[in-house]
Amino acid sequence: MVFPPGSTVKPLTLLALLESGRLRANEEYLCPGHLTIAGRSLNCSHPPASLPMDVPRTVAYSCNCAVAHFAQRFRPGELPQALERDGLSSQTGLLPGEEAVGFIRDGLTGPACLLQALGEEGVQVTALELLTAYRRLANRVREAVMAPVLAGLEGAVEFGTAQAARLEKVRVAGKTGSVRTLAGGHGAWFAGFAPSRSPEVVVTVFVAGLSGGADAAPIAGQLLHRYFAGRT
Ligand SMILES: [Zn+2]
């Protein structure tokens, strides 16, 4: 099955902007908290920000306003190409048998492009495709361009939206998402990897639920806890 990736796509969006040079690693944006795109209310759910949003805080707090602000810089076709490269519309071959494939709408401009950058519209993925995209992130943790995004994924687990996936002895990098499905239901995402600086395992969770942080991240935490059980 395919679902919108919601906020789990934000690290991919920001990395695409960093790689294209349209976003500098030290740029900041003061989050106004309120956001409406094409009549849709996408207000931020994080506490009022005392500091401007840089890339790490944008990821850790899942700031819609900052992502939408920076995503206005995409040239036509740039974001779909980046998401395609990340594997969001390709069979993964990770499981035997038939596999659903997501889709990324091309040619979106204006508000529709911003909704795609937020993972709300114009992109649908399977859990395996999201896994592939986060495996790609995990394989790039030593690249300089990844540094602010990685700090954000670590921050999400340490003090942001994905704290329920935190482990005591192993640093986890992860991101949550909360979406409406095509069928009108609610879906909760977690995507991440660990250990954050020398990854050996990637995990995605998609469950029916209202909140990635409350419904998906705890399951990821249990899976990772079990995976690393017995390690020092
Ligand atoms: Zn915000």
Return a yes/no flag: does the range 11-25 have any residue that is surrounded by fewer than 13 Cβ atoms within 10 Å (Cβ to Cβ) and either farther than 24 Å from GLY184 by Cβ or within 12 Å of the ligand (Cβ to nearest atom) (or both).
yes
So which residues in the range 40-56 are within 17 Å of LEU23 (Cα to Cα) and more than 9 Å from the ligand (Cβ to nearest atom), if there are any at all?
PRO52, ASP54, VAL55, PRO56
Hey, can you tell me all the residues within the range 179-232 that are loosely packed, with under 15 Cβ neighbours inside 10 Å and assigned to a loop (DSSP other than H, G, I, E, B)?
LEU182, ALA183, GLY184, GLY185, ARG197, SER198, GLU200, LEU210, ALA229, GLY230, ARG231, THR232
Restricting the first residue to the range 16-32 and requiring it to be in a helix (DSSP H, G or I), which pairs with a second residue that is more than 16 Å from the ligand (Cβ to nearest atom) and acidic (Asp, Glu) meet a Cβ separation below 9 Å and a spacing of at least six or different chains?
ALA16/GLU78; ALA16/ASP86; LEU17/GLU78; SER20/GLU78
Of the listed residues (ALA66, ALA82), the one being within 18 Å of GLN124 (Cα to Cα), of a type outside the set (Phe, Trp, Tyr) and either in a helix (DSSP H, G or I) or within 16 Å of the ligand (Cβ to nearest atom) (or both) is ALA82
Would you mention how many residues in the range 163-178 are in contact with a Pro (Cβ under 7 Å, 6 or more places away or on another chain) and assigned to a strand (DSSP E or B)?
2
Give the residue, chosen from ALA217, ALA162, that is touching a residue at least 12 places away in the same chain (Cβ under 8 Å) and in contact with a Gly (Cβ under 6 Å, 6 or more places away or on another chain).
ALA162
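Here, each number is a calculation from the coordinates, and none is a lab measurement. This structure is a prediction, so every number in the text was calculated from the model and none was measured. Neighbour counts are summed over all protein chains in view; Cβ atoms, including those assigned to glycine, are modelled from backbone coordinates with ideal geometry.
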